[in-house]
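Note sheet for the following structure.
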Amino acid sequence: MATAVPVLPEPQARALADAYASAVAARRMRGLAVLIAIVVLALISGYLAHVRPLTLFANIGNFGSFISRTIPDFSSGNPIADLRAWYWNFPGWLGLLGQTILIAYLGTLMGALAAIALCFFASANIALGRGSRIATRRLLEFCRTVPDIVFALIFVIAFGLGPMAGVFALAIHTTGALGKLFAEVVENIDMKPVEGMRATGASWIQTVRYAVLPQVAPGFASYALLRFEINVRGAGVMGFVGAGGIGQEFLVAIRNFYYSDVSAILLMIIATVIIIDMLTERLRHRLIGFEGAR
Amino acid sequence: MTDVTANPRGLGDAARADLGGLKQRHPGVFRASPRNRALAILIPLAMLAVAIIAMVLLDFSLVRILNGLSRLGRFAVLMIPPDAEGRAWAFTVALGETLGIAFLGTLTAAILAFPVAFLAARNVIPNIFVHFGTRRTFDVVRSVDTLIWALMWINVVGLGPFAGVLAIACADFGSFGKLFSEAIEATDGKASEGVAAAGGSKLHQVRFGLVPGVLPVIASQVLYFFESNTRSATIIGIVGAGGVGIYLTELIRVLELKQVAFLILMILVTVAIIDFISTRLRMAIIGKQKLS
């Protein structure tokens, strides 16, 4: 059975078709404008950043040969001896990796504690006053915008070379980053317990302790764990400026063309970062699960 | 039963009179379970113990901290007033270079990651080996820091901002791949089902069913990364990969602290401007309510 397809009279159909065509054309024009803007910006950026595609094409082979040179020599017929030769400094590197994780841990812990202390002053609903709120926000913004490695550069001069400078640099950056996130968590709480506490005549500290903290603790812990993950990566490069961890060893290896060391250290860094990612993700899921169950 | 409306305090009085009974009937409300209580004490203690061990292992010493703090205080005095000392133009050029690195790096990463992300999405490629393998590749690329990528690219294209562009492109390729594929998996499958029902091929389903849905999300993520990359691009010069970082390192090393303060202020202002523009654009793209 053929279904009758209703055919509109010619003028009406043309009007609709024209409207459709003009709508599509308008969208295409807008897409084209965005595309042109992006291309122009990319060309300006390319000029500013001295992009030389020819150098890239000429030297892209170098990247391949660089990678292939970092592949260790496994040709002597004794794989275990080859592995030993590749990871000749395994205990030393493992120690430095441990140091890197400890730097990240201490930096995260100190930063998180400072952020907990500051975030209540920065949040819109719990803050004591307008002036202190704005001052705290600006302070957190400053800590967050200056990159951790710049703090490390200054601290290495002030505190001397070594992991301590790295810990403090990470701690300050973490304070800024977590302080903002924590303040947002505090702003999203249910205000009824706070009102209840205030109605009983509780002081500000008591209100924060009994009405706010129980609500925000899982969120705080989850963000702090996420930051720990990021800080492990950050601590890995602190050594580039002499602030402890595995970075120094990697910089030496790559600058002196110790190719097999480069791959050995890089693989250890990647493995550590991925393992820590997996562990913190599992912990965070459990924390969020707790929160959901309550 | 007490009449609560007549006497607002009646409920409280009744409860207080029956406190013993209430405690007996609802023990869980009045006392935390022993397990939770033990955890609440043990976890902070364990964290503190690890922190103390870490401080010992990392050679923390009070003397060095105090000396360092006094030196930092002196640095802070030396930083005032911030002054470019005739190098404002050089700093501006370097900042422009930094923005160029961030923009081009983010754009390259987005263009490269966009097609590959579809391979990592479960609803496009059901084959577990393909999407699992692609995901792990993203994870490995992502776990290498931008500065490490920069060191490697310097070996290929030489010192300069181009190495920085490639480093940011590589590091972000991993992050974008992960985020894009998650965005693709979160889309509503109805649109592509509709395209399939109308006789569209697999490619049509992706083009007309998926891409229009994910494009705004992806654009917003790219803008957000551009924002954060302007920050990473300021430090990429520390290893010699262009931008403002090279000045920052050198000036800090020779303790030209007035210029350092000026440069940091310039960076803060630039980052604030970029943040403002990109937040506006993101709001325009995905609407204010979704912006978290």
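Quick notes on this one:
- For the stretch A:110-120, the count of residues that are surrounded by fewer than 17 Cβ atoms within 10 Å (Cβ to Cβ), of a type outside the set (S, T, N, Q), out of contact with any strand residue (DSSP E or B) (no Cβ under 8 Å at 6 or more places or on another chain) and modelled with pLDDT under 90 is zero.
- Qualifying residues in the stretch B:233-271 (those that are more than 7 Å from every other protein chain (Cβ to nearest Cβ) and under 17 Å from residue A:237 (Cα atoms)) - the one surrounded by the fewest Cβ atoms within 10 Å (Cβ to Cβ): B:240
- Across the stretch A:247-288, the qualifying residues are those that are more than 23 Å from the chain's Cα centre (by Cα) and small (Gly, Ala, Ser), and the one among them that is modelled with the lowest pLDDT is A:260.
- The stretch B:158-177, residues that are modelled with pLDDT under 90 and surrounded by fewer than 24 Cβ atoms within 10 Å (Cβ to Cβ): B:158, B:159, B:160
- Screening the stretch A:229-260 for residues that are of a type in the set (Phe, Trp, Tyr) and facing chain B (nearest Cβ under 9 Å) and picking the one that is nearest to residue B:232 (Cα to Cα) gives A:240.
- Criterion applied to B:197, B:169 was being free of Cβ contacts under 8 Å to residues at least 60 places away in the same chain and not β-branched (Val, Ile, Thr), and the one residue passing it is B:197.
Yes/no per residue for (1) more than 10 Å from chain B (Cβ to nearest Cβ); (2) of a type outside the set (A, V, I, L, M, F, W, C); (3) touching an Asp or Glu at 6+ places or on another chain (Cβ under 9 Å):
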{"site": "A:205", "(1), (2), (3)": "yes, no, no"}
{"site": "A:218", "(1), (2), (3)": "yes, yes, yes"}
{"site": "A:262", "(1), (2), (3)": "no, no, no"}
{"site": "A:276", "(1), (2), (3)": "no, no, yes"}
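- Residues of the stretch A:156-175 that turn out to be touching a Leu at 6+ places or on another chain (Cβ under 8 Å), at pLDDT 90 or above and of a type outside the set (A, V, I, L, M), as a count: 2
- Filter pass, residue B:80 being more than 8 Å from chain A (Cβ to nearest Cβ) and not in a helix (DSSP H, G or I): yes
- Condition check for residue A:83: surrounded by 12 or more Cβ atoms within 10 Å (Cβ to Cβ) and either facing another protein chain (nearest Cβ under 10 Å) or under 30 Å from the mean Cα position of the chain (by Cα) (or both): no
- Residue check: residue B:260 meets all listed conditions (1) under 26 Å from residue B:99 (Cβ atoms); (2) of a type in the set (A, V, I, L, M, F, W, C); (3) not in a helix (DSSP H, G or I) but one, namely (3).
- Taken as a whole, the stretch A:129-147 holds no residue that is within 10 Å of chain B (Cβ to nearest Cβ), touching a residue at least 60 places away in the same chain (Cβ under 8 Å) and either buried (at least 21 other Cβ atoms within 10 Å of the Cβ) or more than 18 Å from the chain's Cα centre (by Cα) (or both).
- Every condition in (1) in a helix (DSSP H, G or I); (2) at the interface with another protein chain (Cβ under 8 Å from one of its Cβ atoms); (3) modelled with pLDDT under 90 holds for residue B:60 except the one numbered (1).
- Filter result for the condition that a residue is among the charged types (D, E, K, R) and over 21 Å from residue B:266 (Cα atoms), over A:138, A:130, A:144: A:130
- Single match in B:121, B:102, B:110 (criterion: touching a Ser or Thr at 6+ places or on another chain (Cβ under 8 Å) and at pLDDT 90 or above): B:102
- Just so you know, in the stretch B:83-99 the residues that are surrounded by fewer than 18 Cβ atoms within 10 Å (Cβ to Cβ), in a helix (DSSP H, G or I) and more than 9 Å from chain A (Cβ to nearest Cβ) include one that is modelled with the lowest pLDDT, and it is B:88.
- Test: residue A:169 is away from chain B (no Cβ under 11 Å) and either in a helix (DSSP H, G or I) or free of Cβ contacts under 8 Å to residues at least 60 places away in the same chain (or both): yes
- All positions within the stretch B:100-110 that are within 14 Å of residue A:51 (Cβ to Cβ), surrounded by fewer than 24 Cβ atoms within 10 Å (Cβ to Cβ) and more than 7 Å from chain A (Cβ to nearest Cβ): B:108
- Filtered residues of the stretch B:77-107 (kept if acidic (Asp, Glu) and out of contact with any Phe, Trp or Tyr (no Cβ under 7 Å at 6 or more places or on another chain)): B:85, B:97
The values are calculated or read from the model by the stated rules, or taken from the named source; none is laboratory data. This one's a predicted model, so the numbers in the text were calculated from it and none came from an experiment. So basically every Cβ, Gly included, is an ideal-geometry build from the backbone, and we count neighbours across all protein chains shown.
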